[in-house]
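Undergrad: Pasting in a structure now, in structure tokens, and then I'll have a few things to ask.
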Amino acid sequence: MSKIRIPDIDFILSGSHLVDGEEVVNNDHYSTSFVFSGKKVILFAVPGAYTPICSSSMLPNWEEYYDKFKKDFGIDAIYCTGVNDDYVMQAWGHELGIKKVEMLPDGNGELAEGLGMLVRKTNCGYGNRSWRYAAYVVDGIIEDMFEEPGKMNNCPNDPYTISDAAHVYKQLRAKLL
């Protein structure tokens, strides 16, 4: 895989919450360069907040693995993104008791589109969403991408193996340690 730079977009953050240890207030815009520059992070994408696999497995598993990624790989942050607005992303994280993984709303799908991960899920009534993936990002450059197989518009199934926290941890452990 050739290395890809995270596209230059703004995340529009609403409400009052912490991002990267700093308080964000209504309608603050944070660029991808602010969020990713000078950091080692994991970025993972969900098809949608409150969807079954994302709520029961994906987001909770990344929260569970957070300390292992930080300790073993020096990760500065783990970010969850989805094509949802900030209010939905924050409410979803709060409802699931997420304390360590930071939520990055991609309400307009610009990040997903810039990474070639925007797909139609109109067969489910979801509209445009992100394909499920995880990425190891160093200083804004994707070093490793863990994309679920079968990416297509209106995919009839919902694969979740490659972007799982345990799988990504195992792959990075083999490569980095």
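Undergrad: Looking at Asp139, is it closer than 20 Å to Pro7 by Cβ, touching a Leu at 6+ places or on another chain (Cβ under 9 Å) and not hydrophobic (A, V, I, L, M, F, W, C)? Give the steps one after another, and end with the answer.
TA: On the way: closer than 20 Å to Pro7 by Cβ: yes; touching a Leu at 6+ places or on another chain (Cβ under 9 Å): no; not hydrophobic (A, V, I, L, M, F, W, C): yes.
Criteria not met by Asp139.
Undergrad: Given the structure, is Phe146 out of contact with any Pro (no Cβ under 6 Å at 6 or more places or on another chain) and without any contact (Cβ under 8 Å) to a residue 60 or more places away in the chain? So that I can check it myself, show each step before the final result.
TA: Working: out of contact with any Pro (no Cβ under 6 Å at 6 or more places or on another chain): yes; without any contact (Cβ under 8 Å) to a residue 60 or more places away in the chain: yes.
In short, yes.
Undergrad: In a strand (DSSP E or B), among the aromatic types (Phe, Trp, Tyr), open to solvent by less than 30 Å² (accessible area, probe 1.4 Å) and at pLDDT 95 or above - does that describe any residue in segment 72-89?
TA: If we filter segment 72-89 for residues that are in a strand (DSSP E or B), which is where we start, we get 77-82.
Of the ones still in play, those that are also among the aromatic types (Phe, Trp, Tyr) are 79.
Going one step further and asking which of them are open to solvent by less than 30 Å² (accessible area, probe 1.4 Å), we end up with 79.
Right, trim to at pLDDT 95 or above and you get 79.
Within segment 72-89, one or more residues are in a strand (DSSP E or B), among the aromatic types (Phe, Trp, Tyr), open to solvent by less than 30 Å² (accessible area, probe 1.4 Å) and at pLDDT 95 or above.
Undergrad: Assess whether Gly93 counts as being part of a loop (DSSP other than H, G, I, E, B) and either out of contact with any Cys (no Cβ under 7 Å at 6 or more places or on another chain) or modelled with pLDDT of 95 or more (or both). Even if it seems obvious, please write down each step before you answer.
TA: Values: part of a loop (DSSP other than H, G, I, E, B): no; either out of contact with any Cys (no Cβ under 7 Å at 6 or more places or on another chain) or modelled with pLDDT of 95 or more (or both): yes.
So Gly93 does not fit the description; no.
Undergrad: Can you find, within segment 1-41, the residue that is modelled with the highest pLDDT among those that are under 16 Å from Met117 (Cα atoms) and aliphatic (A, V, I, L, M)?
TA: The qualifying residue modelled with the highest pLDDT is Ile6.
Undergrad: Among (1) part of a strand (DSSP E or B); (2) touching a Leu at 6+ places or on another chain (Cβ under 9 Å); (3) under 29 Å from Leu177 (Cβ atoms); (4) at pLDDT 95 or above, there is one condition Arg129 misses while meeting the rest; what is its number?
TA: Here Arg129 clears every test but (3).
Undergrad: So, one more: Just for segment 100-109: of the residues that are in contact with an Asp or Glu (Cβ under 8 Å, 6 or more places away or on another chain) and modelled with pLDDT of 95 or more, which one is most open to solvent (accessible area, probe 1.4 Å)? Before the answer, list the steps.
TA: The first filter runs over segment 100-109 and keeps only residues in contact with an Asp or Glu (Cβ under 8 Å, 6 or more places away or on another chain), leaving 100-103, 105, 107.
Of the ones still in play, those that are also modelled with pLDDT of 95 or more are 100-101.
Working: Lys100: 78, Val101: 10 Å².
Only one residue fits best here, namely Lys100.
Undergrad: Based on this model, can you work out whether Tyr50 counts as hydroxyl-bearing (Ser, Thr, Tyr), in contact (Cβ under 8 Å) with a residue 60 or more places away in the chain and open to solvent by 10 Å² or more (accessible area, probe 1.4 Å)?
TA: On the way: hydroxyl-bearing (Ser, Thr, Tyr): yes; in contact (Cβ under 8 Å) with a residue 60 or more places away in the chain: no; open to solvent by 10 Å² or more (accessible area, probe 1.4 Å): yes.
Against the criterion (hydroxyl-bearing (Ser, Thr, Tyr), in contact (Cβ under 8 Å) with a residue 60 or more places away in the chain and open to solvent by 10 Å² or more (accessible area, probe 1.4 Å)), Tyr50 does not qualify.
Undergrad: Limited to segment 126-177, what total is found for residues that are over 25 Å from Asp85 (Cα atoms) and among the aromatic types (Phe, Trp, Tyr)?
TA: Here the count works out to 1.
Undergrad: Turning to a different aspect of this structure: Go through (1) at pLDDT 95 or above; (2) aliphatic (A, V, I, L, M); (3) touching a strand residue (DSSP E or B) at 6+ places or on another chain (Cβ under 7 Å) one by one and return the number of the condition Ala165 breaks.
TA: (3)
Undergrad: Looking only at residues that are under 14 Å from the mean Cα position of the chain (by Cα) and among the basic types (Lys, Arg) in segment 117-165, which one is surrounded by the most Cβ atoms within 10 Å (Cβ to Cβ)?
TA: Checked segment 117-165; the qualifying residue surrounded by the most Cβ atoms within 10 Å (Cβ to Cβ) is Arg132.
Undergrad: Scan segment 103-123 and report the pairs whose first residue is closer than 20 Å to Ile78 by Cα and acidic (Asp, Glu) and whose second residue is modelled with pLDDT of 95 or more and part of a helix (DSSP H, G or I), with Cβ atoms within less than 7 Å and a gap of 6+ or a chain change.
TA: Partner pairs satisfying both residue conditions: Asp106/Ala112.
The values are calculated or read from the model by the stated rules, or taken from the named source; none is laboratory data. Everything quoted here is computed from the prediction, not taken from an experiment. All Cβ positions, even for glycine, are placed from backbone atoms using ideal geometry, and neighbour counts span all protein chains on display. Accessible surface is based on the protein model in full, side chains and every heavy atom, while ligands, DNA and RNA are left aside. Shrake-Rupley method; radii C 1.70, N 1.55, O 1.52, S 1.80 Å.
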